[in-house]
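Quick notes on the structure that follows.
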Number of protein chains: 2
Amino acid sequence: MPRAGLDPAAVTAAAAGLADEVGLANVTMGLVAERLGVRTPSLYKHVASQADLNRRIAVLALVEVGDALREALQGRAGRDALAAAAHTLRSYVVEHPGRYAATLPLNPEGPDDPIAVAGARVLDSLAAVLAGYAIDPADTVHAMRLLRSLFHGFATIEAAGGFEMDTDVDQSFEWLVDFIDRGLKA
Amino acid sequence: MPRAGLDPAAVTAAAAGLADEVGLANVTMGLVAERLGVRTPSLYKHVASQADLNRRIAVLALVEVGDALREALQGRAGRDALAAAAHTLRSYVVEHPGRYAATLPLNPEGPDDPIAVAGARVLDSLAAVLAGYAIDPADTVHAMRLLRSLFHGFATIEAAGGFEMDTDVDQSFEWLVDFIDRGLKA
DNA sequence: ATCGTTGGCTAACGCCATTAGCTTTTAGCT
DNA sequence: AGCTAAAAGCTAATGGCGTTAGCCAACGAT
């Protein structure tokens with residue numbers, strides 16, 4: 001029988017795709033194997049465990065988010081950059097809820113943990129957004145946490161179907177971006 | 001052998017306590033049974049399944065949060081109420097991360113689903129906070145979603161250890177409450 | 001052509017959720 | 001007080017999933 005020609009990246013990609021389709025919690029090793037046309041134990045030649053696979057999905061998601069943010073912020077500043085970052089993050093979570101969910105248990109095991117590296121790149125983009133506002137350097141950390149908390153919370157609740165659909169969620173999101181923009185200018 | 005004298009509430013309470021101690025994902029039926037001094041299958045006389053147990057934990061947490069909020073908001077308004085609600089929510093999540101995590105998959109199966117009822121009570125308290133500000137009625141929905149997203153996001157990231165500890169998280173939280181207060185006044 | 005490495009497979013183990021069916025306690029009724 | 005029926009516990013068993021061990025075939029380098 002011919003070989004499947006897998007590698008860690010291919011396994012991670014398949015798992016990430018499944019996570020978006022059926023939810024991260026329902027991504028089973030058997031399901032990933034089936035998707036790849038392989039038997040379950042074969043996966044262990046490429047990833048160490050299910051926990052390892054989840055970490056790889058998280059890194060993939062953080063890298064993708066980081067790239068998307070960097071691209072979206074090209075040449076933008078101030079309110080423009082804020083809106084671009086906000087929409088980019090929300091779109092990513094809506095389109096890839098499973099991948100994104102894998103990033104929630106942020107447990108960097110060290111400073112060179114790939115998850116910490118990829119996470120830091122995302123934070124750099126958020127810092128770039130804040131650079132467009134005149135913020136007391138002592139407050140930038142707080143403003144960063146504000147953005148992280150708000151975007152993460154909104155995306156998570158939206159992905160979980162936590163908002164009543166009788167009022168337009170897009171409209172709320174625009175209102176929210178505007179609210180933050182006004183606040184950061186003061 | 002004497003009887004254990006369990007009921008759904010006791011099982012739920014034990015499971016919620018374990019969730020706070022070992023994390024919701026690690027709450028196994030066997031662990032709950034052991035905590036209660038009972039064999040695993042006996043639990044099924046009181047709860048239908050593990051999913052049912054998780055929903056009960058979520059309801060418990062939402063009721064507790066709702067009660068805590070209502071009490072904290074007694075006689076307060078405006079910035080005072082906002083700060084009280086914020087601190088109450090954060091404290092609850094820090095002290096009961098496992099219970100709170102059970103509330104994340106918000107899937108109300110109907111308008112009389114206990115999870116929807118308990119959730120609505122929490123939202124009522126948030127609405128009470130906003131009542132202390134002069135907000136265009138058309139914008140209250142957006143402001144509600146702002147508060148939910150922000151508090152939920154902050155608490156979730158904090159509970160996951162997602163904030164670098166080199167800058168005081170308490171200080172960020174105060175800054176954040178102040179930021180929202182100023183914004184809601186404009 | 002061959003040899004070692006690599007990637008796939010089958011078989012097997014242990015843990016967990018769940019169900020079936022039995023036994024004993026216990027509350028309510030006479 | 002004694003009886004009965006439901007409720008609450010137990011043991012045994014099933015099926016799924018993660019993981020490991022050990023075997024064999026494919027493939028790249030010599």
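List of remarks:
- Check on B:G5, within 11 Å of DNA strand C (Cβ to nearest atom), farther than 16 Å from B:A51 by Cβ and among the small types (G, A, S): yes
- Hits in segment B:37-92 (condition: surrounded by fewer than 19 Cβ atoms within 10 Å (Cβ to Cβ), within 16 Å of DNA strand C (Cβ to nearest atom) and either of a type in the set (D, E, K, R) or assigned to a loop (DSSP other than H, G, I, E, B) (or both)): B:G37, B:V38, B:R39, B:K45, B:H46, B:A48, B:S49, B:D52
- Segment A:145-169, subset more than 9 Å from chain B (Cβ to nearest Cβ) and within 19 Å of the chain's Cα centre (by Cα), residue surrounded by the fewest Cβ atoms within 10 Å (Cβ to Cβ): A:A159
- Residues that are within 10 Å of DNA strand C (Cβ to nearest atom) and in a helix (DSSP H, G or I), drawn from segment B:26-36: B:N26, B:M29, B:G30, B:L31, B:V32, B:A33, B:E34
- Reported count of residues in segment B:124-146, each being within 18 Å of A:I157 (Cβ to Cβ), touching a residue at least 24 places away in the same chain (Cβ under 8 Å) and among the hydrophobic types (A, V, I, L, M, F, W, C), is 5.
- Residue list for segment A:13-25, filter: more than 14 Å from DNA strand D (Cβ to nearest atom) and either in contact with a Lys or Arg (Cβ under 7 Å, 6 or more places away or on another chain) or in a loop (DSSP other than H, G, I, E, B) (or both): A:A16, A:D20
- Qualifying residue in segment B:58-68 (condition: within 14 Å of chain A (Cβ to nearest Cβ) and away from DNA strand D (no atom under 16 Å from the Cβ)): yes
- Some residue of segment A:120-140 being at the interface with chain B (Cβ under 10 Å from one of its Cβ atoms) and touching a Phe, Trp or Tyr at 6+ places or on another chain (Cβ under 9 Å): yes
- Pairing residues of segment B:27-42 that are more than 10 Å from DNA strand D (Cβ to nearest atom) with residues that are at pLDDT 95 or above and of a type in the set (G, A, S), at Cβ distances under 7 Å and at least 6 apart in sequence or on separate chains, gives B:V27/B:A15; B:V27/B:A19; B:V32/B:A14; B:V32/B:A15; B:R35/B:A14.
- Qualifying residue in segment A:102-122 (condition: surrounded by fewer than 20 Cβ atoms within 10 Å (Cβ to Cβ), more than 20 Å from A:R55 (Cβ to Cβ) and out of contact with any Leu (no Cβ under 6 Å at 6 or more places or on another chain)): no
The values are calculated or read from the model by the stated rules, or taken from the named source; none is laboratory data. Keep in mind that what you see is a predicted model, and the values were worked out from it rather than measured. Cβ sites come from the backbone with ideal geometry, for glycine too, and all protein chains shown count toward neighbours.
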